[in-house]
1. Lysines within cross-link reach of K54: Cα-Cα under 21 Å, excluding same-chain residues under 8 positions apart?
2. What Kirkwood hydrodynamic radius, in Å, does the stretch 1-55 give when the mean of 1/r is taken over all pairs of distinct Cα atoms and then inverted?
3. Just to verify a number: FRET efficiency for L295 and E82, C-beta to C-beta distance, R0 = 35 Å, to 0.05?
4. According to the square roots a ≥ b ≥ c of the eigenvalues of the Cα gyration tensor, what is the shape class of the stretch 115-269, taking rounded for a/c under 1.5, prolate for a/b larger than b/c otherwise, and oblate for the remainder?
5. Given all pairs of different Cα atoms, what value in angstroms does the Kirkwood hydrodynamic radius of the stretch 76-182 take?
6. Kindly sort K259, K54 by accessible area of their heavy atoms, largest first, with the probe set to 1.4 Å.
7. Could you run the Debye sum over the Cα atoms of the stretch 1-135, one equal point scatterer each and no solvent, and tell me log10 of I(q)/I(0) at q = 0.10, 0.17 Å⁻¹, two decimals?
8. Hand me the trypsin sites (Lys or Arg not before Pro) from the stretch 69-176 located in a DSSP loop with no more than 13 other Cβ atoms within 10 Å, in residue order please.
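The values are calculated or read from the model by the stated rules, or taken from the named source; none is laboratory data. What you see is a predicted model; the values in this text were computed from it and never measured. With ideal geometry, Cβ positions are generated from the backbone for all residues, glycine too; neighbour counts draw on all protein chains shown. Keep in mind that these areas ignore ligands, DNA and RNA; they rest on the heavy atoms of the full protein, side chains included. Shrake-Rupley method; radii C 1.70, N 1.55, O 1.52, S 1.80 Å.
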Amino acid sequence: MYLHKLFHQFKVLVDEQSFTRASDKLCISQPTLTLNIQRLEEHLCVKLLVRHKKEFLLTHIGENLYKHACLLERNYNQAIQELDYLRKVKRYTVTLFCGYAWTHGKLFNLLDDYLKKHAELKVVLKNVTSDGGQTALMAGLCDIVLGAIPPVEQRKKELNYVAIFNTQFVLFCSASHPFARERFVTHAQLEASDWIMLRHEDRENNPDPYRYPCHTDRIRFEVFSVASAISLTRASDCLIMLPVQLQSEVLRQGLVALKSEFEFQQYETGLMFTDEALLQQHKKDLIDTIISLKLKFSS
């Protein structure tokens, strides 16, 4: 910081071509400016300028330092501007990484009052897995994750976890599918079926313990949109697993819910966030709002 100040004073001196004008611009006395230039020369062990009466000439090293001082000031100003921009953006933005049970459930209807209160807020949404959400939180890529709460042994000590509701997957097919007329679908029938797999944007690599473990050779479509997944299921003989929160929407669009020998396990889903999120009021308000509405998410 000390050298940066001296570089700045040297640059202003060269810009103004006068110790008097430079000291006035810097709001310091002329003797102080003269002393600081001498200190800079002593620190660098070079001669930066040659004085002649009230004028001065730059040495070759002085000309070189002036170029670097200009670059340093430009980079400094750019850094301040970018940090100020990021601070303002972060202040009025909340980035949510969510599972489909959240984005296609009751979330936004229940958050209506919160969104009206924070009318200036920009909300960024991305559908990711729970594992991907934890990684993103640790890397500072998002503010809050809404997804499956991992087992205790897989949780990060740096993160906070709050369970909100239980969910599970449900099996669906088209109304024209042969299984739509079956009262019960067997393991053998599931293993012989083609599947549509609704993926998240982070392309989960680990097997999901809450889904039916269909063989990869039987996955005919991989999609990253709920609307596309429903349309493909309606137009094909494939099966699909979707969170129970999507069931009303799926049934309205003509799909049929199936019962099978495979029992889908219930699991907790909720909030994941760092302590840093609690330091900004709009993020803390969102976390508090979701927690306060816990019973409504389950109804």
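1. Hits, sequence-local ones excluded: K11, K25.
2. Values: mean 1/r = 0.0890 Å⁻¹.
Every distinct Cα pair counted, the radius reaches 11.2 Å.
3. Values: r = 43 Å, r/R0 = 1.24.
E(calc), rounded to 0.05, equals 0.20.
4. Values: a/c = 2.12, a/b = 1.66, b/c = 1.27.
Since a/c reaches 1.5 and a/b is larger than b/c, the shape of the stretch 115-269 is classed as prolate.
5. On the way: mean 1/r = 0.0593 Å⁻¹.
Final number for the Kirkwood radius of the stretch 76-182 is 16.9 Å.
6. Details: K259 145, K54 185 Å².
Result, largest first: K54, K259.
7. Rounded to two decimals, the profile gives -0.56, -0.93.
8. Details: sites: R74, R87, K88, K90, R91, K106, K116, K117, K122, K126, R155, K156, K157; in loops: K106, R155, K156, K157.
Answer in residue order: K157.
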